[in-house]
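No lab work stands behind these numbers, since they all come straight from the coordinates. Keep in mind that what you see is a predicted model, and the values were worked out from it rather than measured. Please note: Cβ atoms are built from the backbone with ideal geometry, for glycine as well, and neighbour counts cover all protein chains shown.
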C-alpha cells in the first residue's frame, strides 16, 4: 500500500484485524446473495440490497440491474466503513442472455465455495460439469483488482471486473486512522 512501516505491535494488530475481516467476509458471503439470504429493503428504488451483521462487523451489498448488475459491498467495523468491494463490467454476454437463469444458479454455487484463501468472491477455479468459474485477483484484501468469468462448453457466458480495499480515515490531527485501530469509539475522530 504505502511506504509507511508499522511497528511490530501495529503490524500484529493489523494482521489480526485482517484475519477477522477475511473470516467475516467469508461468513457474510455465505449468508447473503449467493445463499439467497439477507435481502433487505433497498435505500434506492430499483436496487437490491443484502446485509449480514455479526458483532462489530456489518456487511451491506447493494447492486442494480440483472443482466448487467454493478454494485458495491461495504463492510463496516464498529460502525465505520472499513472495507469495500465494487463490481461491474459486462456481466452476461449479450448473445448468452437466454442462459441467464442457469448461469446465475451456477454463479451462486461457485460463490458458496468462497474460502479464507480467496475471500472476495468464489475460488480461483470451480467446475461443475461443462461449466467453469474462474476468479483472478491482482493484489490482496487491502487493495486489489479482479476478474471473474464463467464459461459453458468453453464459451464465455459471464464476465465481471472489480476491485476492493480498506478505508483509511483520519484522526483530528489528519493522521491516518486505520480500521484495525478502532478499538473503541473516540469522540471527534474522523471529523
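When you scan the range 32-45, how many residues do you find that are touching a strand residue (DSSP E or B) at 6+ places or on another chain (Cβ under 6 Å) and surrounded by fewer than 17 Cβ atoms within 10 Å (Cβ to Cβ)?
Total meeting the criteria: 3.
If residue 101 satisfies all but one of (1) surrounded by 13 or more Cβ atoms within 10 Å (Cβ to Cβ); (2) out of contact with any strand residue (DSSP E or B) (no Cβ under 8 Å at 6 or more places or on another chain); (3) without any contact (Cβ under 8 Å) to a residue 24 or more places away in the chain; (4) over 25 Å from residue 139 (Cα atoms), what's the number of the condition it fails?
Here residue 101 meets the rest and fails (1).
Rundown of residues vs (1) closer than 23 Å to residue 167 by Cα; (2) assigned to a strand (DSSP E or B); (3) in contact (Cβ under 8 Å) with a residue 12 or more places away in the chain, yes/no style:
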| position | (1), (2), (3) |
| --- | --- |
| 9 | yes, no, no |
| 16 | yes, no, yes |
| 25 | yes, no, yes |
| 28 | yes, no, yes |
| 68 | no, no, yes |
| 74 | yes, yes, yes |
| 83 | yes, yes, yes |
| 90 | no, yes, yes |
| 95 | no, no, no |
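Just checking, how many residues over the range 30-56 are in contact with a helix residue (DSSP H, G or I) (Cβ under 7 Å, 6 or more places away or on another chain), part of a helix (DSSP H, G or I) and under 27 Å from residue 182 (Cβ atoms)?
Looking only at that region, the number is 0.
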